[in-house]
Amino acid sequence: MELEAPSPARYLVGAAIMMAGVVLPLAYMIFRSKRSSSSSTAVAASSAPSSSFSKQT
């Protein structure tokens, strides 16, 4: 790769990658929270063992 001044296109590509890195985890957490709100018992069951494990350590 040649070293040269970043072009606007490359700047936009980098911005799009950074936006994807921020938006995708946010959308994933929102998607999980929306699904877990309908089945809160499964979330409580999955989070309880992890909390007890952290207390043991």
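Only the coordinates and a few stated rules stand behind these numbers; no lab work does. As the structure is a computational prediction, the values presented were derived from the model and not from experiment. Positions of Cβ are generated from backbone atoms using ideal geometry, with glycine treated the same way; all protein chains shown enter the neighbour counts.
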**OP:** Report the FRET efficiency, 1/(1 + (r/R0)^6), for Ser36 and Ala15, where r is their Cβ-Cβ distance and R0 is 30 Å, rounded to 0.05.
**Re:** 0.45
Subject >> Full-stretch length increase - Glu4, Val23 - with 0.36 nm per residue and alpha-carbon distance subtracted >> reply: 3.9 nm
